[in-house]
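What follows draws every value from the coordinates through simple rules; no lab data is involved. The model shown is predicted, which means the values in this text are computed figures rather than measured ones. Using ideal geometry, Cβ is built from the backbone for each residue, glycine included, and neighbour counts are taken over all protein chains shown.
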Amino acid sequence: MRRTWMVALALLALAGAAAAGSLTLDVKEHVLGNGMKILMIPRPGVPRVVCHVYYKVGSINERPGITGIAHVHEHMMFKGTRIMGVTDFAKDSEIDRRIDELMDKIYREKYWKADGGDKAMIAQWQKEVDELVKAEKQHIIKDDLWTFYMKNGGTGLNASTGNENTGYYVTLPSNKVELQMLLESDRMANAYFREFYSEKDVVMEERRLSENRPGYLFGEQVNAAFYAASPYHWDVIGWMDDLRKMTKRDMVEFHNATYIPNNAVAIYVGDFDPARIVALAEQYFGRIPKGPDVEPVRTYEPAQFSEKRMAGEGPAPTSLQIMFHTPPEGQPDAAPLALLADVLGAGGGFRFGGGGGGTGRLYKLLVRDKEMAVNASASSRAQWYVGAFQFSATPRVDKNVQPEDLEREIWAEIDKIKKEGVTEEEIQKAKNRGEANFLRSLQSTMGLASRVGRAELNRGWRSILTDLDALKKVGNDDVKRVAAAYFVKDNSLTAVYRRKMGR
């Protein structure tokens, strides 16, 4: 109860500061000699610390041939190191070496030859691999990392991979933060990709499960058509063909190039002494040599200059999507686009958390008033290198409403916004929602660590405050300007999907 009141008072203080235009975050920074950034947000009280490590690497850092490798790599980081996850490293590594040799032979025979190679020889090599895999299991300690953390009071051990970053998370008692420093620095410097081939099969099964989800493959093709050139073209899970042909050598090269201290940020939120955190970071992370600087993405999305349309059918509900290219995050037009998405979709414009609901302009028009749609929404996604604004709607097929009917209504609303904009009341409500969602995202230690840590990777953690300031300054002229600039046919992709059973 005491903690609940403390959080409530803290939120009231943040809200007051935001209203006064003076919102700040008490983030302490330290940069190690190898370039790794350490961020600290002390929160005295419960003696626990949220510990996150973020790497500036995701699916946009891949290339054709190794799509999906960032996600597979995240899986592999739980397979141990030279000291974790294994009982006898010397024996294990020798078995691993023999498996790798055989798998290299299989790869070349199977994928380098037009006819698929000698099937009998491949089968023989695979049989030998299977026997070695069984022999290796006696040296592997399953879930060693998780067990180690759990025995020391750790909770919430997890990881995630996105388009732009990868994160590793655990929450520990305040007196166990040194353990996190030891284990995470070991994973950064000494990752050992045992069980690579079986884990790759796990990820391929993930992809198969996604493919079996109605509408998934159409959505993947829509995304690929919308992003014609930039690496947002493929999903985080990657293309199946690349997952099949990905090699351990690819994985090692990817790790060595991107899992380096000068491409990482560690953030700690909770009850701790910052001086102690800095000393531990110097001791553990500071011993890892700096790597070569990681080059930013080269290929941005070019101007489209033509209307795109896609049509598909299958077992998913009939739906409509209209997508427009917009600027990346941090650009001046990102804030008015986010606000407009919120007005139209009541919560869909902000990345502060929360959102959605039946109070948006599109919902009122198409669902409540005209009874043409089951749902209708708008969202604005400003990513690091590209942005996208999307209208989505599901027609009332029971009233014989077609996706094209909704398309005409949405374009009519777009034209209206270009001329009139939105009301001052709508603008103020959107600003209030955006600010409330932002403050809510800072309520939990997990949410705070996630927002600050990820922001630091790109434009720096202070950008989350400047983005809020930019939102407060948006006026109706800004809304009309961005609608006229981006909501044009030659900048759009319209995707119509119709339900058809039996496919």
TODO: Please identify which residues in the stretch 50-71 have an amide N closer than 20 Å to a label point set 7 Å out from the Cα of GLU29, following the Cα→Cβ vector.
DONE: 52-57
TODO: Distance from a point 7 Å along Cα→Cβ of GLU282 to each backbone N in the stretch 24-51: keep the residues under 16 Å and list them by number.
DONE: 29-39
Open item on the list: Could you tell me the calculated FRET efficiency between VAL252 and MET446, based on Cβ-Cβ distance and R0 = 30 angstrom, to the nearest 0.05?
Closed with: 0.40
Task: Spacing of the two label points (7 Å from each Cα toward its C-beta) at ALA90 and ASP398, in nm - done: 7.3 nm
TODO: May I have the count of lysine pairs in the stretch 87-139 with C-alpha atoms under 21 Å apart, counting pairs 8 or more residues apart or located on different chains?
DONE: 12
Open item on the list: Can you tell me which aspartates and glutamates have their Cα less than 12 Å from the Cα of LYS418? Leave out same-chain residues fewer than eight positions away.
Closed with: ASP477, ASP478
Open item on the list: Could you work out how much longer the chain between GLU128 and THR359 gets when fully extended? Use 0.36 nm per residue separation minus the Cα distance between them, nm to one decimal.
Closed with: 77.0 nm
Task: Orientation-averaged projected area, Cα convex hull of the chain (nm²) - done: 26.9 nm²
- [ ] Collect residues whose amide H, placed 1.01 Å from N in the peptide plane, falls under 5 Å from the amide H of ASN375; neighbours closer than 5 in sequence don't count.
- [x] THR394
Open item on the list: Can you tell me, using C-alpha contacts under 8 Å and at least 6 residues apart, the relative contact order of the stretch 308-499 as a whole percent?
Closed with: 36 percent
Open item on the list: Relative contact order for the stretch 87-139: what percent, with Cα pairs under 8 Å and sequence separation of 6 or more?
Closed with: 50 percent
Task: Global form of the stretch 308-499, assessed from the alpha-carbon gyration tensor, a/c cut-off 1.5 - done: prolate
Open item on the list: Among 302-311, 181-190, 275-284, how do they line up by average Cβ neighbours within 10 Å per residue, starting with the highest?
Closed with: 181-190, 275-284, 302-311
TODO: Report the calculated FRET efficiency for ASP241 and LEU209 (r = Cβ-Cβ distance, R0 = 22 Å), to the nearest 0.05.
DONE: 0.80
Open item on the list: Expected output is a single nm value to one decimal: the length gained when fully extending between ALA311 and ASP104, i.e. 0.36 nm times separation in residues minus the C-alpha distance. What is it?
Closed with: 70.4 nm
Task: Computed over the chain: relative contact order in percent, which uses C-alpha pairs under 8 Å that are six or more apart - done: 21 percent
Open item on the list: Just to verify a number: FRET efficiency for ARG408 and GLU295, C-beta to C-beta distance, R0 = 51 Å, to 0.05?
Closed with: 0.70
Open item on the list: With viscosity set to 1.002 mPa s at 20 °C, what whole-number translational diffusion coefficient in µm²/s follows for the stretch 87-139 from Stokes-Einstein and a Kirkwood radius over Cα pairs?
Closed with: 183 µm²/s
Task: Under 17 Å from the ARG498 label point (7 Å along Cα→beta-carbon), backbone N, the stretch 360-401 - done: 394-401
